[in-house]
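The block underneath contains the structure these notes are about, expressed in structure tokens.
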Amino acid sequence: GLDVRFEKGIGPIVEKVTRVEDLKSTSTETVVQRLSPVYETVERVRGSLSPEKALIGLCGAPWTVALYAIEGRGGTDKSQARLWAYQKANDLDLLLDILVEASAHYLKAQVDAGANALMIFESWAEGLPSDLMDRLVIKPNAKLINRLRELGVQVPVIGFPRGAATKLPDYVQNVPANAFGLDTAIDPDFVSKTLPKSVAVQGHLDPLLLIAGGKAMDDRVLEILSAYADRPHIFNLGHGVTPATPIPHVERVVEIVRNWAG
């Protein structure tokens, strides 16, 4: 029920929420219907891929989407949204619940359109105090995945708490995802020491290193591959590919990963 536009160099600009109760008047069915171009895109892409290639659907996690609705944009110090957690706790909890329900149906529609797996991007988890991390990130992420299962969605789900730092083990222990995304800053040694070897991870090459290329990029790719050789691992970046990334650098990373023998 909030207006959204995209500004070049900034990203999404969202109409700030004033009364959370007003958002309840927008039905889940309306939300799903408004996003129908996404499902058409998923269906078309899935139809163009060979059967052995997986297509991953995605959504912003509840706290991250709530932050956009409260702050009006990303890239802030998150102070307004964090103040909501202290001063408007009931409003924020209600907003998170609304987003959990809408996101569950949004993701289910992507699966119905052909997505083989799902990824939940908690892009603004960084910098939260430990108690808020539990309340605003871990619990809503767990609730979202459990709701997906209630809706009959059985595909694998990847949880990505960007910036979770030392709270990553708590996230992994309490969020019933099938794999976990790792951000650029997390230390592979920390991951290896704190997460059971059975836990699948995804990540976490620096997107800027993908722009830089060269030996430094090659070495880091090999380092990451070696660090997770003893556990299920999906090679990826620590966040999104930026527009300035040279395609040959992407091709080089793919070549290294495919030829890596362990």
Here is the link list: Lys193/Lys215; Lys108/Lys167; Lys78/Lys108; Lys78/Lys143; Lys24/Lys88; Lys143/Lys167. Which ones come out longer than 20 Å on Cα distance? Lys193/Lys215; Lys108/Lys167; Lys78/Lys108; Lys78/Lys143
With every protein chain in place, the stretch 1-104: carbon and sulfur % of accessible area (1.4 Å): 52 percent
Under a Cβ-Cβ cut-off of 12 Å, what is the net charge of the residues other than Ala164 that fall near it, where Lys and Arg count +1 and Asp and Glu count -1? -3
Please say if the stretch 222-262 is rounded, prolate or oblate, where rounded means a/c under 1.5 for a ≥ b ≥ c the square roots of the C-alpha gyration tensor eigenvalues, and otherwise the choice is prolate for a/b larger than b/c and oblate otherwise? oblate
Most mobile of Lys143, Lys78, Lys53 in a GNM of the chain (Cα contacts under 10 Å): Lys53
Once amide H atoms are built 1.01 Å from N in the peptide plane, which residues 5 or more positions from Met119, or in another chain, come under 5 Å H to H? Gly57, Leu58, Cys59, Ile158
Which whole-Hz couplings ³J(HN,Hα) result when phi for each residue of the stretch 52-60 is put into the Karplus expression 6.51 cos²θ - 1.76 cosθ + 1.60, θ = phi - 60°, listed in order with x for Gly and Pro? 7, 9, 8, 10, 9, x, 7, 7, x
Check each of the chymotrypsin sites (Phe, Trp or Tyr not before Pro) in the stretch 185-262 and keep only those in coil by DSSP with at most 16 other C-beta atoms within 10 angstrom; list them in order. Trp260
Neighbourhood net charge (10 Å Cβ-Cβ; Lys/Arg +1, Asp/Glu -1) for His239: -1
What helices does the chain hold that run 15 Å or longer along their axis, going by alpha-carbon atoms, with a Kyte-Doolittle average of 0.5 or more, using DSSP H for the helix calls? none
Hull shadow area, averaged, the chain [alpha-carbon convex hull, nm²]: 14.2 nm²
Taking only DSSP H segments of four or more residues, each worth -39500 (n - 2.57), what value at 222 nm results for the chain once the sum is divided by all its residues, to the nearest 500 deg cm²/dmol? -14500 deg cm²/dmol
May I ask you to give the solvent-accessible area per residue for the stretch 38-119, in square angstrom, as obtained with a 1.4 angstrom probe? 45 Å²
Carbon plus sulfur, as percent of the 1.4 Å-probe accessible area of the stretch 128-262, comes to 55 percent
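The values are calculated or read from the model by the stated rules, or taken from the named source; none is laboratory data. The shown structure was predicted, so the numbers you read here are calculated from the model rather than taken from an experiment. Cβ atoms come from the backbone with ideal geometry, glycine included; neighbour counts cover every protein chain shown. Side chains are part of the model used for accessible areas, which takes the heavy atoms of the whole protein and leaves out ligands, DNA and RNA. Shrake-Rupley method; radii C 1.70, N 1.55, O 1.52, S 1.80 Å.
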